[in-house]
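Notes for the one structure printed next.
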Amino acid sequence: MEEFDDIRPYQNAEVPEVIERLLKNDEFFDAIVGIRFPVLKQVTPKLANHVIKKSLKNKLSKIHTIADVQKLIAVYVERILKTTTTGLTESKLNDSSQVTSHLFMSNHRDIVMDPALISYLLHGSVHGTTQIAIGDNLLKKEYVSDLMRLNKSFIVKRSAHGKDMITASKQLSKYIHYSIAEGNNVWIAQREGRAKDGIDKTDPTILKMLHMSNRDAVEKISLKDSTNKLHIIPVSISFEYYPCAEMQARELYEIETNGNFEKNEKSDLNSISKGINGEKGDIHLGFGNEIVAIEDDPAVIALQIDQQIILNYKLHSSNYIAYEKLQLKDSSIGSALSTEITITKVKRQEFEAKLHPVDEELKVYFLRIYANPVINQFRLKAELS
């Protein structure tokens, strides 16, 4: 286990020391205020900091184990759901999947909410919450790393290069296999970074990484067998409204227009804050069936995962409205749209209220974010029919 000490989640014995470290970190309290109460922080920063600091110190002082952390996180997720959504639905895991631990591989829409929602739905069930893969690009502050590792997160060394990257990938692969074998559930996104354009596609290099520890082991096993040992379950996460859609549209516009987009040091924090506090409408999580790899080709296994994520994606009124507004030409989609869903006047007004304030040059990118899941799902249905 020591070989994973620099990336693994914290253990119960480490909790008191980490909590004490957080309680002494003013930057931690300031960041929490900014994320949870951004308006209050702007209006009365001293009062906001004082109130939140007092409340957090009281709550954190009662935490002694990782289970305590999970219970507290569940309370916060419930509060977020009540204040920023109109409902959370799910398609249940198959009963047969209750006998083992899994690698839950999902599409990636939101930095915090994606793994939080999966763990929330699994919390208290036979499956138990997941360990969460998180990139070290998000852990530049010590308090962020502490907070994430308290919440069962393990570190993906995205900043590594060259030989260090290979070493880090082998360590990560070995850790994930170790965790699954030890009976822990694990969450990882299907690709590095969020799908900011609304196109969900599994990166085969993720599957290659997961195989590295078995590929180079003394007793080598095939990619297919290595994948099957992880008991991968694809998960499709769909939000009716994306709080970060306008920010993502700006990024897509800058990349297409200027060839690149420069993030500042607060970009990720702003995305986290918007993702937590922004209006999301209905949210649906579609749990798929366990993947059974039948070939040693990572591209083929990626397609197996993609099919489930795309087909289990719940299309909302916002997706269909965006598709209509783009006036895309695709007969296989157009013929299905008329019977797939009835869009109410209220839903059209809601979406228009989201679209109206978006800068004119960004609107087409904003619409594509919502429309692409429609295009991908109906194209796939047409291919499979």
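What do you reckon, is Lys157 modelled with pLDDT of 95 or more and charged (D, E, K, R)?
Considered against the rule, which asks whether it is modelled with pLDDT of 95 or more and charged (D, E, K, R), Lys157 comes out as yes.
Residues Ser271, Ser213: which one is in contact (Cβ under 8 Å) with a residue 24 or more places away in the chain, of a type in the set (Ser, Thr, Tyr), within 30 Å of Gln171 (Cβ to Cβ) and out of contact with any His (no Cβ under 8 Å at 6 or more places or on another chain)?
One residue alone meets the criteria, Ser271.
Are any residues in region 182-205 hydrophobic (A, V, I, L, M, F, W, C) and either under 12 Å from the mean Cα position of the chain (by Cα) or closer than 15 Å to Phe154 by Cβ (or both), and if so, which ones?
Passing the criteria: Val186, Trp187, Ile188, Ala189, Ala195.
Please tell me if Leu93 is closer than 26 Å to Asn312 by Cα, in contact with a Leu (Cβ under 9 Å, 6 or more places away or on another chain), among the aliphatic types (A, V, I, L, M) and modelled with pLDDT of 95 or more.
It is false that Leu93 is closer than 26 Å to Asn312 by Cα, in contact with a Leu (Cβ under 9 Å, 6 or more places away or on another chain), among the aliphatic types (A, V, I, L, M) and modelled with pLDDT of 95 or more.
Within region 292-316, count every residue that is over 29 Å from Ile341 (Cβ atoms) and either charged (D, E, K, R) or assigned to a loop (DSSP other than H, G, I, E, B) (or both).
6
Scanning for something closer than 30 Å to Ile309 by Cα and among the polar types (S, T, N, Q), does region 55-69 turn up at least one residue?
no
Do we have Asp282 as at pLDDT 95 or above, of a type outside the set (Val, Ile, Thr) and surrounded by fewer than 20 Cβ atoms within 10 Å (Cβ to Cβ) here?
yes
Just to confirm my filter: which strands (runs of 3 or more DSSP E) fall fully inside region 39-150 and include at least 2 residues that are touching a Gly at 6+ places or on another chain (Cβ under 6 Å), aliphatic (A, V, I, L, M) and buried (at least 16 other Cβ atoms within 10 Å of the Cβ)?
none
In this structure, is Ala195 touching a His at 6+ places or on another chain (Cβ under 7 Å), surrounded by fewer than 20 Cβ atoms within 10 Å (Cβ to Cβ) and not charged (D, E, K, R)?
It is true that Ala195 is touching a His at 6+ places or on another chain (Cβ under 7 Å), surrounded by fewer than 20 Cβ atoms within 10 Å (Cβ to Cβ) and not charged (D, E, K, R).
One residue is enough: does region 169-178 have a residue meeting the conditions free of Cβ contacts under 8 Å to residues at least 40 places away in the same chain and either closer than 29 Å to Ile369 by Cβ or over 17 Å from the mean Cα position of the chain (by Cα) (or both)?
No, region 169-178 contains no residue that is free of Cβ contacts under 8 Å to residues at least 40 places away in the same chain and either closer than 29 Å to Ile369 by Cβ or over 17 Å from the mean Cα position of the chain (by Cα) (or both).
Could you give me the residue pairs with C-beta distances under 6 Å whose first residue belongs to region 111-134 and is of a type in the set (D, E, K, R), whose second residue is assigned to a strand (DSSP E or B) and at pLDDT below 95 wherever it lies, and which are 6+ apart or on separate chains?
No pair meets every condition.
Is there a residue being without any contact (Cβ under 8 Å) to a residue 12 or more places away in the chain and more than 19 Å from the chain's Cα centre (by Cα) anywhere in region 142-156?
No, because not a single residue in region 142-156 is without any contact (Cβ under 8 Å) to a residue 12 or more places away in the chain and more than 19 Å from the chain's Cα centre (by Cα).
Scanning for something under 30 Å from His177 (Cβ atoms) and aliphatic (A, V, I, L, M), does region 42-55 turn up at least one residue?
Among the residues of region 42-55, not one is under 30 Å from His177 (Cβ atoms) and aliphatic (A, V, I, L, M), which makes the answer no.
The values are calculated or read from the model by the stated rules, or taken from the named source; none is laboratory data. Remember, it's a predicted structure, so these values are computed and weren't measured experimentally. Backbone-built Cβ (ideal geometry, glycine too); neighbour counts: all protein chains shown.
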